Amino acid sequence: MKTVVIPTGKPYEVLIGRGLIGRAGQEIARVHAPCRVCVVSDSRVSALYFFSLEAALKAAGFESRLFTFPEGEASKTLQTFGEAEAFLFASGLTRSDLVVTLGGGVAGDLGGFAAACYQRGIPFVQIPTSLLCAVDASVGGKTAVDLPGGKNMVGAFHQPILVLCDTAAFSTLDEKRWADGAAESVKHGLIRDTALFERMSSPLWREDVDSTVEMNLEVKKSFVCGDETDRGKRQLLNFGHTVGHAVESLSGFSLSHGQAVAIGMAAEMRAARRMGMSAAGENDVIPVLRSLGLPTECPFGYREVVEAALGDKKRAGNTITFAVLDRIGQARLEKTDLDTFAEYVRLGVE
Ligand SMILES: NC(=O)c1ccc[n+]([C@@H]2O[C@H](COP(=O)([O-])OP(=O)(O)OC[C@H]3O[C@@H](n4cnc5c(N)ncnc54)[C@H](O)[C@@H]3O)[C@@H](O)[C@H]2O)c1
């Protein structure tokens with residue numbers, strides 16, 4: 001088993017290994033006394049893993065109940081959030097009780113936000129079961145739901161007290177979901193870790209997925225540490241997401257988050273090369289993304305992408321800040337006016 005410590009205001013551990021769901025009760029008991037637990041999980045993941053999680057929690061003295069919602073991004077709404085809050089209340093949870101999220105980034109973001117708001121904040125544990133959630137969403141404390149047309153528009157920063165990444169759960173992921181996680185992993189390699197970027201072109205990344213998750217979390221940790229609320233260097237993690245979030249919203253979520261980020265990375269690297277902002281270009285990344293089964297062509301025109309991107313949180317008044325690669329393995333932030341940004345997007349998607 002591997003352990004990564006995330007040194008936020010209140011540090012917490014991420015445990016990475018096979019079989020952690022079956023040991024969840026004893027691991028959680030190390031950081032929180034036995035109590036009432038509400039597990040937040042989608043329809044697919046709860047059918048696969050809630051039974052063993054419930055047994056593990058019970059064996060360690062926790063009493064659990066399940067709040068479940070239909071799988072997919074379409075459930076990451078204020079409505080589901082409201083239903084989750086009502087469920088926590090009806091279950092009699094108090095401030096000394098726990099939320100445990102079990103699933104992908106949707107369960108993690110939604111359940112984490114429910115925990116952040118319930119009685120002004122109760123602790124929560126993340127159990128990521130998708131690769132994307134393990135390498136990215138489960139760590140860093142960003143929790144949120146979407147508004148129609150706007151990703152993650154309502155949310156809070158709320159760090160988990162523990163993250164249990166059971167890599168045996170990846171055995172039930174389909175190929176598309178493996179690819180989604182690979183997209184965020186490529187992003188981490190591009191912005192900080194050339195060895196991780198190179199690893200994503202070798203079968204090793206999946207054969208030894210525990211080490212791949214660990215490498216990703218070391219990258220994520222380096223950006224979150226010292227910038228928990230996303231005011232500075234943490235924004236470098238948005239590389240590929242300026243165009244990516246716009247494309248994801250425009251698709252009505254028929255493109256998954258990982259697919260949208262892959263399209264976003266290719267477009268942003270093309271734009272940065274054409275504008276003379278970067279020594280790296282789209283040809284450095286497109287073959288890698290394609291070999292991982294990810295799309296790289298933007299299916300939308302640049303005007304609609306610009307409009308959607310300007311509705312994103314990355315805009316501040318008449319400027320927008322986005323991440324650009326100096327070269328592979330190193331990124332910086334660019335702040336431009338909106339006309340320059342529109343030209344950047346045009347050069348990226350046309
Ligand atoms: N908070 C953050 O820092 C952060 C970072 C990146 C992404 N995100 C968010 O994460 C979400 C995307 O995450 P995701 O791709 O995990 O989405 P998801 O939670 O919808 O999971 C994708 C699909 O995989 C299924 N699934 C998950 N684990 C499984 C398993 N072990 N076996 C079988 N099926 C499984 C789910 O049921 C779902 O159908 C987006 O909403 C995105 O905005 C958040």
Relative to the first principal axis of the alpha-carbon coordinates of the chain, what is the inclination of helix 241-250, with its axis defined by its Cα atoms, in degrees from 0 to 90 and to the nearest 10?
-> 80 degrees
Burial order of peptide ranges 101-112, 271-282 (average beta-carbon count within 10 Å, highest first) | 101-112, 271-282
Roughly what angle does helix 105-117 make with the longest principal axis of the chain, taking Cα atoms, 0 to 90 degrees, to the nearest 10?
-> 60 degrees
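Peptides 204-212, 251-259: what's the order by average Cβ count within 10 Å, highest mean first? Don't skip to the end; give the middle numbers.
Numbers: 204-212: 16.6, 251-259: 19.3.
Highest to lowest by the protection proxy: 251-259, 204-212.
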When the Cα centres of the range 146-165 and the range 177-199 are compared, how far apart do they sit, in Å?
-> 21 Å
How many angstrom lie between the C-alpha centres of the range 80-125 and the range 9-79?
-> 11 Å
Quick one: angle between helix 338-349 and the longest Cα principal axis of the chain, in degrees between 0 and 90, rounded to 10, please.
-> 90 degrees
So, how do all the Cα-to-Cα distances of the range 175-349 break down into 10 Å bins, in percent, from 0 on up?
-> 11, 42, 37, 10, 0
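Mind ranking 25-32, 241-248 by how tightly packed they are, going by the mean number of other C-beta atoms within 10 angstrom, highest first?
Working: 25-32: 16.8, 241-248: 27.2.
Going by the mean number of other Cβ atoms within 10 Å, highest first, we get 241-248, 25-32.
Readers should treat all values here as calculations from the given coordinates under stated rules, not as data from a laboratory. Given the structure is predicted, the values throughout are model-derived calculations rather than measurements. When we count neighbours, we look across all protein chains shown, and the Cβ atoms used for this are built from the backbone with ideal geometry, even at glycine.
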